[in-house]
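Laboratory data are not the source of any read-out in this text; all were calculated from the coordinates shown. Fair warning: this is a prediction, and the values are worked out from it, not measured in the lab. Cβ atoms come from the backbone with ideal geometry, glycine included; neighbour counts cover every protein chain shown.
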Amino acid sequence: MSTEGLIVFFLVAVTLVGFALVFSSFIPPTSKNLFKAETYECGIETTGITWIQFNVGYYLFAILFLIFDVETVFLYPWATVMKELGIVAFVEILIFLIILGLGLLYAWKKQALKWE
Amino acid sequence: MTGIVEYIKDVFGALKSLWTGMKVTGYYFVHPKEIVTEQYPENRETLKMFDRFKGELTMPHNEKNEHKCTSCGICEMNCPNGSIEVISKFETIDGKKKKMLDTYIYHLEMCTFCDLCVKTCPSSAIEFAQTFEHAVWDRSELTKKLNKQDSVCSKDIKE
Amino acid sequence: MIEAITGIKDSEQEYFINMGPQHPSTHGVLRLVVNLEGEIVKSLVPHCGYIHRGIEKMCEKDTYQQVIHLTDRLDYLSAHINNEAVCLLVENALEVEVSDRIKYIRTIMAELNRIASHQLWWAAFGMDMGALTTFFYGLRDREYILNIFEQTTGGRLLQSYNRPGGLMNDIHPDFVKKIKEFIVHFRKKLPEYDELLTGNVIFHNRTRNIGTLTRENAINYGVTGPSGRASNFACDVRKKYPYSAYDKVDFKEILFTEGDSLARYQVRVAEMWESMKILEQLVDGIPEGPFMMKMKPVIKLPVGEYYQRVEAARGEFGVYVISTGEKNPYRVKFRSPGLANLSTLNHLSPNVKIADLVAIMGSLDLVIPDIDR
Amino acid sequence: MTNEQLKETIEKKFDKATFDEFKGMLNVTVKPEDIHQLLDYLKNENGLKFDFLFSLTGVDWSDSIGIIYHLESVELKHVIAVKCKPESRENPIIPSVTDLWAGAEMHEDEAYDLFGINFTNHPNLRRLMMDEHWNGHPMRKDYVDKINIIDLG
Amino acid sequence: MNIISQVTDSAPKYIIYDFGILTSRIHEWLSSMMNTTWTSVVEMVLIGVVFLSFYALVGLILVYAERKVCAFIQCRLGPMRVGPWGIFQTIADFIKLLMKELLITRNADKFLFNVAPFIVIIASFLAIGTIPFAKGIQALDFNVGVLYLMSVSSLGVLGILLAGWASNNKYSLIGAMRSGAQIVSYELSVGLALMVVVIFAGSMQFSEIVQSQATGWWIWKGHIPVIIAFVIFMIASTAETNRGPFDLAEAESELTAGFHTEYSGIKFAFFFLAEYMNMFIIASIAATVFFGGWMPLHFGNFAAFNHAMDYIPPFVWFFSKTMFVIFLMMWFKWTFPRLRIDQLLTLEWKYLLPINLVNVVLAAFIVLMGWYLI
């Protein structure tokens, strides 16, 4: 049931949006105006181009995120079976988390967790 | 170690300050009596403006269709925006030529409600009414003639 | 890739963004051309004049009574205080001594106006920071003051209540009662302002050490009012050159040393308390007397130059008049606190984030008609 | 310092300046070539310390167009007005005081915009209120604009 | 009813209403009428229609609820005109938005600009399928339910990113970048906070997590670590849904409207709808995981009380818990100022993440020692 269900949900969502968009692009009244298609920037024409490279300041966070997100995925199977495995699982994961925590602490101390 | 203590203090202090704010908004959520909304078009009957509220300029007439304006033009002179135009005519009454008001034009769209006209009028012929619903479809509707048709000036009318 | 399309080197690309004239946080039609690097502001150029009405030029054609209604429209949130400045100037020039009743009522009105202005500022500042609820709380309490204004003067925002030589009307019989009611109400509500914003950890972090203005710079840029006093610049005209009834009341000049956005915020909140103290001292003892002194219908100032300073809600408001003895002033200059406060934005903005820029602008409390005139 | 003392102090250094007093305010009038020096002196001299420029006003005196600086000393609490009247009415040139008071920048922009006073050494002289391509300087007494201004007089 | 009487003898005592029986009845009835393929087709269409109408209904109700809640918090009445107490206001708004012209700015990336609303809606729609509304009413019951939900719900931010980028508007772009930073951070905290309950429940399947709370909700049974996890989950999930005080991607006082500045009409409505649906999903997950989902409230040995509670239908339990959490989120939004982008990251990386890691260890330790209530 689950996989087919996924497809059903996907299709229903697409139909919903698609139908509304089609409806909305035919039914409502439209008017042609050159300035309507202007980019909104507080009523002033934009200067320069929008899509330029600029420093968003969270590159390091993105890398850290990768590390910790993978770690979370690792932790989930452990979390599921934690109850059954008992002390062994606990000690093992403690070591794992301490290493990760040290990593975070290192990043913290190295000012990687600072927006620049 | 002190670092960790500080850290924990930070967290709890922050949570406490957030809770203080939430108490205020929570209080208002459960006290609907504090609601101050006035439902405007529905409360038209009960809505009363203060006596001195400056809504628009009017020229009171009595039942004999008389007003007090002598067409002296002081209000026009005092108006900073030129929103008053007094057009006068000359009539001969008892052999004497007398200045009479022909049309008193008031531009509501230009008025800034500074009250100078009313305060300087020597015969108290004009005053502010408490109306406030001035929205119209066309700007020209805001130019008003204040004296009524065939009204005459009488200095002794009582309000 | 962009280099290939535009021919501009990556390192030379500048990211300019227009904040305003149609922007929610400029509170009007100020336009800031901000040069950004990611989220961080590199430099900023303010462009004014979108609501320039040439009020100074208009004043040259008006009589002194007619000038009053134009001053309302400068800093519309301290309309009453602006009116008072022109009236004081004319009275000082003609050497007319107004009655104590006029002085008392003017002072009460000015302080009410200051509270109303600060309430609106608080409301809007909270909204700038993203706390939308503050806006309604601030306006709710401001309504009390506007009702007092409306009852006595007939206007809510723009009162034109002061006249050279006195006041337009006598106070309404309910005036004193209503002010007392307001004080009781607002003494209960003002602590809520603190609970909602002042103590809040998010608000605190958003404003502390943001846009720090030193005392030297505050003086150098001519920043006055609460923004100046947050930088420990004792610029309160009410204390320096007491006018109206300010010499008869006891109040503190709020001074902070930090000079950041938080200090500017705290000065204003503290000033609301002080203004309430002034109101309490004055409201019971309004003396009897005429509400309008005898003045000639056409006022002509003696030849000369006059300068009158008052403390408006945003800082020092000055009127400079050159008279040639005519019924119209030859030249009128309004020293608006807003323009001086705005000029610091250039100085405060580099290396802050966009969100901080909004916080700084909010804490400087700019009113655009005041800047543009 | 009283106005008398102020007058004496300034007179010692700037003998070309003219003085008059009205309603308790001392007015000093100087030529544009002295103005920057005088203001520098007023701001930085120990006994004067006029560090707060609270108003910078452009004025059209019909024979000339100039600037009035209103200064106050925060510490010593005295005020003074300094006037500067350039000779040329058409193209008045006055040195900028932005190096002394950073806050003067926008006020000078405004004076340039509305009166057409050119400030030398100004970092970014531009029209503050009017459109960038505006013709003329509206606050001048001889400025006529038939299109945009409703004439009330 | 037949359903109830059947359940009482076979299933454990506390479950009175089992909708699994209802669904299996429908299944039997359908398969008696047609062959297997058609049965499943009809079932899927049924599921689609039911969830679609549910989705729309919840959206309408939540928008109305938000407007009323914020109005009451702000000493206002809120919408009062359309219908009694303005209950049809959102329907009127929806019709208005549907009848609005769709604008596309001249320089926009037209394909991505149109794709963005699809993505946000798909993400929220996929997530809604996993929510257990009552026993037997759950469209997608994966054994890795928690993981699935996290992965799907983080798709939505992709839509926001695309919307901001494709608009070719500087404000939108900054908004999109901010939302990128946000998703990068808060994904972790949501995952780790849910992990605490997974440790206690020993399963990632939502139906089993609910079953494990038959004797008591995890927020009581798991005490300290679960309470900490709940607080963190509330903070992080509010951030995930881009709601105030974390609405940096919109930030109307800074970026005018952020990522949806250029969207009009129904496309804007979809972003709006998705925001509310995400709020509903997050709230129902919180209700399911921390407050026992559709499980009624039980107190230790008060048999009579517990039995009375059992008679309240699971729908009521589920929706009242969800509404409570939604109210909490609204309460946050209308009280706090917005955070700044660097504070947002500081909060996550210097506060939530370390606390969360410690909390996971604490939870594991408590499970190990058996110090939780069973």
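A few comments on the model shown:
- Cα long-axis angle, helix C:354-364 against chain C (0 to 90 degrees, to the nearest 10): 10 degrees
- Taking the range E:103-369 and dividing mean pair separation by its residue count, relative contact order in percent (alpha carbons under 8 Å, at least six apart): 26 percent
- Exposure proxy ranking for C:R264, B:R44, C:R206, based on other Cβ atoms within 10 angstrom of each Cβ and starting from the fewest, stands as B:R44, C:R206, C:R264.
- Listed values for the range A:34-51 are Karplus-derived 3J(HN,Hα) couplings in whole Hz (6.51 cos²θ - 1.76 cosθ + 1.60, θ = phi - 60°), namely 4, 7, 5, 7, 6, 5, 7, 9, 6, x, 10, 5, 6, 10, x, 9, 7, 8, and x replaces Gly and Pro.
- DSSP H segments from chain E that extend 30 Å or more along their own axis, Cα-based, with Kyte-Doolittle mean of 0.5 or above: E:36-73, E:170-201, E:265-290
- Karplus (6.51, -1.76, 1.60) ³J(HN,Hα), θ = phi - 60°, over the range E:202-212, in Hz, Gly and Pro reported as x: x, 7, 9, 7, 5, 5, 6, 4, 5, 4, 5
- Extents of chain E, largest first, come to 67, 55, 44 Å (Cα atoms, principal axes, whole angstrom).
- Extending 7 Å from the Cα toward the beta-carbon at both B:E141 and E:S151 defines two label points whose distance is 6.3 nm.
- Point-charge dipole on Cβ atoms (K/R +1, D/E -1) for chain E, about Cα centre, debye to 20: 700 debye
- Average partner coverage of C:160-167, which counts Cβ from other chains inside 10 Å: 1
- The range B:8-93: GluC sites (Glu not before Pro) in DSSP loop, at most 15 other beta carbons within 10 Å: B:E38, B:E45, B:E63
- Cα-based reach from A:K32 at 23 Å (exclusive), listing lysines while leaving out same-chain residues under 8 positions away: E:K96, E:K100, E:K110, E:K267
- Cα long-axis angle, helix B:2-29 against chain B (0 to 90 degrees, to the nearest 10): 40 degrees
- DSSP-defined antiparallel bridges as percent of all bridges, the protein assembly as shown, nearest 5: 90 percent
- B:E34 paired with E:F111, simple spin-label distance in nm, labels 7 Å along Cα-to-beta-carbon: 5.4 nm
- Between the C-alpha center of the range D:23-59 and that of the range A:79-112 there is a gap of 70 Å.
- For the protein assembly as shown, calculated [θ]222 nm from helices alone, where every DSSP H run of n ≥ 4 adds -39500 (n - 2.57): -16000 deg cm²/dmol
- Loop-resident sites, the range D:70-153, for chymotrypsin sites (Phe, Trp or Tyr not before Pro), counting at most 15 other Cβ within 10 Å (DSSP): D:W134
- The HN-Hα couplings worked out from phi for the range C:225-231 by the Karplus form 6.51 cos²θ - 1.76 cosθ + 1.60 (θ = phi - 60°) are x, x, 5, x, 5, 5, 9 Hz, whole numbers, x standing for Gly and Pro.
- Taking every residue in E:113-123 and counting other chain Cβ atoms within 10 Å of its Cβ, the average works out to 3.
- Qualifying aspartates and glutamates (Cα of each under 13 Å from Cα of D:K23; at least 8 residues distant if same chain): C:E91, C:E95, C:E305
- Pairs from C:K103/D:K77; C:K296/C:K327; B:K33/C:K188; C:K178/C:K277 whose Cα-Cα separation, in the structure shown, is over 18 Å: C:K103/D:K77
- Against the main long axis of the alpha-carbon atoms of chain D, helix D:32-44 sits at an angle near 50°.
- Sorting E:315-321, E:28-34, E:167-173 by their mean Cβ neighbour count within 10 Å, with the most densely packed peptide first, gives E:167-173, E:315-321, E:28-34.
- For the range C:249-302 and the range E:218-232, distance of Cα centres in Å: 54 Å
- Among the chymotrypsin sites (Phe, Trp or Tyr not before Pro) within the range B:108-159, those in coil by DSSP and having at most 16 neighbouring Cβ atoms inside 10 Å are B:F132, B:W137.
- Here the spin labels are modelled as points 7 Å beyond Cα on the Cα-Cβ line, and at E:S31 and A:T3 they lie 2.0 nm apart.
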